[in-house]
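Notes to accompany the following structure.
The values are calculated or read from the model by the stated rules, or taken from the named source; none is laboratory data. Since this is a predicted model, take the numbers as computed values, not measurements. Cβ: placed from backbone, ideal geometry, glycine included. Neighbour counts: every protein chain shown.
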Amino acid sequence: MSVCSRFLAAALLGVSLSACVPALIGGAAVGGYYIGKDDRSADQIAKDSTITARVKSRFIGDKYVDAFDINVDTYEGKVTLQGEVNNNIAREQAAKLAAAVEGVTAVDNKIKVIRKVPVEG
């Protein structure tokens, strides 16, 4: 079994969320590129992809966090959150949800709270 095939098989088995499978399959086309350019093993890349998908899925189901406002990156179990939210509740909730995902070893919360000023006109 080739490295790309093992990567795809591990990734598909690791993701139990059916809504995330299309995104994963689309990403598999460039999986060979990442394996060649990344220090992580194919297994670790698959685990990190699964963690990212699970964090995003928790954001989608949460009433305080808008999943479209936050970028999630995972490297060897460490999740980095980036983006802009309207209040500190959303920022803290995002970190809490990410930390609760199985396999997460640390959360680096780089989310910025941007207070929107109403425009008069």
Any pair with Cβ under 8 angstrom, 6 or more apart, that starts in segment 58-71 at a residue that is closer than 11 Å to Glu84 by Cβ and ends at one that is among the hydrophobic types (A, V, I, L, M, F, W, C) and in a helix (DSSP H, G or I): Asp66/Phe59; Asp66/Ala90; Asp69/Ala90; Ile70/Phe59; Ile70/Ala94
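Please list, ordered by residue number, the helices (runs of 4 or more DSSP H) wholly in segment 1-91 having 3 or more residues that are aliphatic (A, V, I, L, M), at pLDDT below 95 and surrounded by fewer than 16 Cβ atoms within 10 Å (Cβ to Cβ).
Values: elements: 3-14, 21-28, 31-37, 42-60.
Per the criteria, 3-14, 21-28.
Matching residues to (1) polar (S, T, N, Q); (2) in contact with a strand residue (DSSP E or B) (Cβ under 8 Å, 6 or more places away or on another chain):
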| site | (1), (2) |
| --- | --- |
| Thr50 | yes, no |
| Lys56 | no, yes |
| Tyr64 | no, no |
| Ile70 | no, yes |
| Ala106 | no, yes |
